[in-house]
1. Out of all DSSP beta bridges with both ends in the chain, state the antiparallel percent to the nearest 5.
2. In whole angstrom, note down how far apart the Cα centers of segment 35-74 and segment 249-299 are.
3. Suppose every K and R has +1 on its Cβ and every D and E has -1 on its Cβ; what is the size of the dipole of segment 314-450 about the Cα centre, in Debye to the nearest 20?
4. For segment 221-290, report the % of Cα-Cα distances exceeding 20 Å.
5. Could you work out the relative contact order of the chain, using alpha carbon pairs under 8 angstrom and six or more residues apart, expressed as a whole percent?
6. Which helices pass in the chain if a helix is a full DSSP H run, must span at least 24 angstrom along its long axis by Cα, and must have mean Kyte-Doolittle hydropathy not below -0.5?
7. Between segment 140-202 and segment 335-398, how far is it from one alpha carbon centroid to the other, in angstrom?
8. Only counting other Cβ atoms within 10 Å, I'd like 144, 415 sorted with the fewest neighbours first.
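Bear in mind these aren't lab numbers, they're just calculated from the coordinates by the rules spelled out. Everything numeric in this text was worked out from a predicted model, so none of it was measured. No Cβ is skipped: glycine too gets one built from the backbone with ideal geometry, and neighbour counts run over all protein chains shown.
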Amino acid sequence: MIRGATDREGECTELLQALIRNACVNDGTVGSGGEVRSAELLAGVLEGPGLDLETYEAAPGRTSLVARIEGTDPTAPTLLLMGHTDVVPANPDHWRHDPFGGELIDGEVWGRGAVDMLNLTASMAVAVRHLARSGFRPRGTLVYLAVADEEALGEWGAEHLVTHQLDAVAADYVITESGGIPLPSPAGTKLPVIVGEKGCLWGTLRIGGTAGHGSQPYRTDNALVTAAEVLRRLAEHRGEPRIHDVWRRFITSMGYPDEITEPLLSRDRLPEMLEGLPVGMARQFHACTHTTFSPTVVHGGTKINVIPDVVELQVDVRTLPGDDEEAVMQELRTALGDLADTVEYVPARYDPSTASPVDTPLWDTLSTVTQRWYPGSETVPCLTVGATDARFFRHTGSVAYGFGLFSEHMTFEDYGAMFHGDDERIDTASLGLSTELWEAVATDLLTPRD
Ligand SMILES: [Zn+2]
């Protein structure tokens with residue numbers, strides 16, 4: 001019997017429900033996550049002929065699973081399909097259904113991780129199992145990685161594996177989240193492929209003052225008052241737009257009319273254009289073309305009758321490709337103006353922006369195989385404004401993209417709102433589609449036509 005799409009859709013649906021119910025919630029502490037539960041579940045699904053399985057425990061309970069179909073030609077390229085098994089916390093009070101119930105309601109699976117990214121973690125596993133059971137003997141090696149700790153920057157997951165177990169996960173080509181949401185455009189359906197991500201510079205601004213008695217505020221040097229002005233300047237700072245390559249290619253291929261395309265590609269006209277766009281799109285487009293500064297946490301003051309002498313302000317800076325720490329410091333000084341010299345910057349963490357080239361065999365494979373489900377569609381390169389595990393692999397020289405495939409039921413707006421949001425869910429047709437996609441990608445890339 002030939003197994004059809006519905007088998008895959010059903011298997012993927014059940015697996016996704018089980019992954020959601022495992023509730024591998026990562027709150028950022030090393031004791032959270034418990035991804036061992038899902039690593040064991042997936043090992044149970046994958047165990048059998050054609051697959052070599054191995055688990056790696058970076059810290060107690062923080063287990064990642066690797067499954068391999070070894071290629072016949074050691075010189076042929078290796079493809080890694082990587083999905084994370086952890087999820088961010090969810091507040092059940094704000095959900096219409098149990099975020100960890102994994103319920104199937106009207107053709108949708110509900111729960112934390114349904115789009116970020118247990119859907120793909122599940123569909124990759126089902127695809128790899130189908131390939132292995134069907135006797136798939138590719139020239140290049142296919143590796144599946146169910147990885148822990150993506151949601152807290154990968155220290156106990158991808159970063160650990162790339163640093164300590166590179167032989168197990170090294171690959172020429174990597175696919176992970178996100179992307180692939182069909183975007184309708186005047187020039188037909190576009191399928192965004194995430195080719196790069198912004199960098200992340202986290203640190204604290206320490207704003208000083210002079211302690212004094214709260215009963216005599218006149219002409220005092222109150223750190224909290226200075227911090228308020230620092231905050232105001234950061235919030236009002238707009239920065240210089242950067243029309244980089246990925247942005248240019250994305251906007252050009254969307255097929256918008258010239259009166260929209262031209263200002264979106266103009267450093268001078270972009271700011272005004274952004275003001276007129278719907279807020280969700282404006283926010284996204286602004287982040288794609290600017291290094292951004294978000295003040296997120298403030299600590300200051302000791303007692304109600306003491307003028308504070310220090311306030312600490314944490315700032316989440318997201319950098320564009322090509323920016324370095326010095327460029328960010330320069331921009332910060334510009335934003336703060338005459339207050340720059342009174343503020344001390346204490347760096348905490350820096351991950352530079354990373355990007356993979358667009359013209360690669362993996363790009364060609366994605367563009368070709370997706371025609372089966374979206375005839376006439378075009379893949380377009382995109383930058384994601386968040387951080388994913390792809391960056392660790394780009395540092396090792398891999399070409400790493402974010403991709404998946406979804407039905408037209410899933411809109412870009414819904415998808416964006418559900419990421420780390422309430423009422424996260426996915427239609428089962430999307431699960432069947434992405435399962436078929438991975439099989440087609442592995443076949444096309446790893447068994448080249450002669
Ligand atoms: Zn994710």
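1. On the way: 51 of 72 bridges.
Roughly 70 percent of the beta bridges in the chain run antiparallel, per DSSP.
2. Between the Cα centres of segment 35-74 and segment 249-299 lies a distance of 41 Å.
3. Values: 8 positive and 25 negative charges, 81 e Å.
My answer is approximately 400 debye.
4. Every Cα pair in segment 221-290 considered, those over 20 Å come to 37 percent.
5. Working: 953 pairs, mean separation 112.4, N = 450.
Relative contact order, the chain: 25 percent.
6. 428-446
7. Centre-to-centre (Cα) distance: 10 Å.
8. Details: 144 28, 415 18.
Taking fewest neighbouring Cβ atoms as first place, the list is 415, 144.
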